[in-house]
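Q: Just passing along the structure, written as structure tokens.
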Amino acid sequence: MPPRSTGPGAAAIAVRVAFALIPTLSLGLLAWVPSLRFAIIRRRNQDWAVLGLFCALTAAEIILVAYIPDDADDGLSALVGFYLVAYFIGATLHAVLADRFPRPTTPGYPAAPPPTPYHPTGYGYPPAPAPVVAPPVPPAPVEPRTSPRMRQVASELDELGEYLRRAQHDPRQDRP
């Protein structure tokens, strides 16, 4: 009986937790760091776009905090505070949920099955059957097309071969 799969190790979980805490502990200034990690690991355009979005949101955070006047009314301060809290929570949730991508399997365990193609069948209906592909039909043998000249050369070679076989069996035939 193979040993049970225990999931990611303690070190992997510690790295995940550390990257999830970076946006909150840095008050949003380093919220782009988990996105940079995902973009480097996965190398997908979508992850690079999310990294750009978080960089833009961090710049917006810096501008909002730097340029809000000290004597701002409560409505503006509440709006900026709401933005900051939503940004911290959103960046942390992104760091936690986006870190659930498939990882290489450990030796001795099978790899995860590849994703199946989506068949739009509607809710509650069985999936559409896969199309049946007929086996390929072998091509018919091709008769070589020969020109009259090729047929003449072939017949002359046959006559020459016959003459040489007779000459080999009967040495007197070579004399005129």
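The values are calculated or read from the model by the stated rules, or taken from the named source; none is laboratory data. As the structure is a computational prediction, the values presented were derived from the model and not from experiment. With ideal geometry, Cβ positions are generated from the backbone for all residues, glycine too; neighbour counts draw on all protein chains shown.
Q: Looking at this structure, is residue 174 of a type outside the set (A, V, I, L, M), modelled with pLDDT under 80 and out of contact with any Gly (no Cβ under 6 Å at 6 or more places or on another chain)?
A: Answer is yes for this residue.
Q: Check off (1) surrounded by 14 or more Cβ atoms within 10 Å (Cβ to Cβ); (2) without any contact (Cβ under 8 Å) to a residue 40 or more places away in the chain; (3) of a type outside the set (A, V, I, L, M) for residue 94 and give me the number that stays unchecked.
A: With (1) surrounded by 14 or more Cβ atoms within 10 Å (Cβ to Cβ); (2) without any contact (Cβ under 8 Å) to a residue 40 or more places away in the chain; (3) of a type outside the set (A, V, I, L, M) applied to residue 94, the lone miss is (2).
Q: Using beta carbons and a limit of 8 Å, which pairs, at least six apart or on different chains, have the first residue in segment 50-71 and outside any helix (DSSP H, G or I) and the second one surrounded by fewer than 18 Cβ atoms within 10 Å (Cβ to Cβ) and among the aliphatic types (A, V, I, L, M)?
A: From residues that are outside any helix (DSSP H, G or I), the pairs are 68/76; 68/80.
Q: Restricting to segment 61-80, and then to whatever is surrounded by fewer than 13 Cβ atoms within 10 Å (Cβ to Cβ) and closer than 27 Å to residue 18 by Cα, can you tell me which residue is nearest to the chain's Cα centre (by Cα)?
A: 62
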